[in-house]
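A.B. asks: The structure's right below; bear with me while I get my questions together.
The values are calculated or read from the model by the stated rules, or taken from the named source; none is laboratory data. Keep in mind the model is a prediction, meaning the values are calculated, not measured. Because the Cβ atoms are built from the backbone with ideal geometry, glycine has one as well, and the counts that use them run over all protein chains shown. Protein only, heavy atoms only, side chains kept; ligands, DNA and RNA dropped before computing areas. Shrake-Rupley method; radii C 1.70, N 1.55, O 1.52, S 1.80 Å.
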Amino acid sequence: MRRLLYFTLSLIMITSCTLDSSDNGALDGYWQLSSIDTLANGHSVNMRDSGIFWAFNFNLLVTRSTKEPSGEILYDFENTDDNLILSNPYILYRDSSDIKVTDVNLLKKYGVNSLLETFTIEHLNSNKMVLQSNLVRLNFRKY
């Protein structure tokens, strides 16, 4: 009887524990922006030395520049079947309140050209990602 009680309690404890996990699959992680292609003229810019990174976790994205320590931008994002929608960008300030971004020019160096940006996910696997908006194609490598 005692064994049954211990077994039942153990089973209840195990099933009551929940682990937070993301449904983002290969998207989650740290991505280095390797190039930006301008769709209007086909011009491509190598970005490997720019220090621009995107980091996905759950429903948050942080874009950052390793060359500018205060340049982190936090976004909400939605990952649908083949679209990635970025919204609500905020400048991250660790020592004070974050500031909502109202000037899209602060986002352009990261390849984001709108405060509400929709990308088509052209390619995504465990080491490469290609996103396309109406203006640019962004090529990333998993870091």
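Yes or no, residue by residue, for (1) under 19 Å from residue 27 (Cα atoms); (2) touching a Phe, Trp or Tyr at 6+ places or on another chain (Cβ under 6 Å):
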| residue | (1), (2) |
| --- | --- |
| 54 | yes, yes |
| 57 | yes, no |
| 60 | yes, no |
| 84 | yes, yes |
| 90 | no, no |
| 127 | yes, no |
| 133 | yes, yes |
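A.B. asks: Scan the strands (runs of 3 or more DSSP E) fully inside segment 60-131 and keep the ones with 2 or more residues being of a type in the set (Lys, Arg).
C.D. replies: Where strands (runs of 3 or more DSSP E) fall fully within segment 60-131, none carries at least 2 residues being of a type in the set (Lys, Arg).
A.B. asks: Using the structure shown, decide if residue 88 is loosely packed, with under 14 Cβ neighbours inside 10 Å and in contact (Cβ under 8 Å) with a residue 60 or more places away in the chain.
C.D. replies: The answer is no for residue 88.
A.B. asks: Residue 81 is checked against (1) within 14 Å of the chain's Cα centre (by Cα); (2) open to solvent by 70 Å² or more (accessible area, probe 1.4 Å) and fails just one. What number does that condition carry?
C.D. replies: Looking at each condition in turn, residue 81 falls short on (1).
A.B. asks: Under the condition of being open to solvent by less than 50 Å² (accessible area, probe 1.4 Å) and of a type in the set (A, V, I, L, M), which residue from segment 35-59 is farthest from residue 138 (Cα to Cα)?
C.D. replies: 55
A.B. asks: In addition: Please go through segment 24-47 and give me each residue that is closer than 17 Å to residue 108 by Cβ and either assigned to a helix (DSSP H, G or I) or modelled with pLDDT under 50 (or both), ordered by number.
C.D. replies: Those that are closer than 17 Å to residue 108 by Cβ and either assigned to a helix (DSSP H, G or I) or modelled with pLDDT under 50 (or both): none in segment 24-47.
A.B. asks: Is it the case, given these coordinates, that residue 93 is hydroxyl-bearing (Ser, Thr, Tyr) and under 14 Å from the mean Cα position of the chain (by Cα)?
C.D. replies: It is false that residue 93 is hydroxyl-bearing (Ser, Thr, Tyr) and under 14 Å from the mean Cα position of the chain (by Cα).
A.B. asks: In this structure, is residue 28 open to solvent by 40 Å² or more (accessible area, probe 1.4 Å) and of a type in the set (Asp, Glu)?
C.D. replies: Criteria not met by residue 28.
A.B. asks: Continuing with this model, one more query. Any idea which of 21, 65 is modelled with pLDDT under 95, farther than 19 Å from residue 121 by Cα and in contact with a helix residue (DSSP H, G or I) (Cβ under 8 Å, 6 or more places away or on another chain)?
C.D. replies: Just a single option satisfies the conditions, and that option is 65.
A.B. asks: Based on this model, can you work out whether residue 113 counts as polar (S, T, N, Q), more than 14 Å from the chain's Cα centre (by Cα), closer than 23 Å to residue 44 by Cβ and open to solvent by 50 Å² or more (accessible area, probe 1.4 Å)?
C.D. replies: Spelling it out, it is not the case that residue 113 is polar (S, T, N, Q), more than 14 Å from the chain's Cα centre (by Cα), closer than 23 Å to residue 44 by Cβ and open to solvent by 50 Å² or more (accessible area, probe 1.4 Å).
Yes or no, residue by residue, for (1) closer than 20 Å to residue 27 by Cα; (2) touching a residue at least 60 places away in the same chain (Cβ under 8 Å):
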| residue | (1), (2) |
| --- | --- |
| 100 | no, no |
| 108 | no, no |
| 119 | yes, no |
| 130 | yes, no |
| 138 | yes, yes |
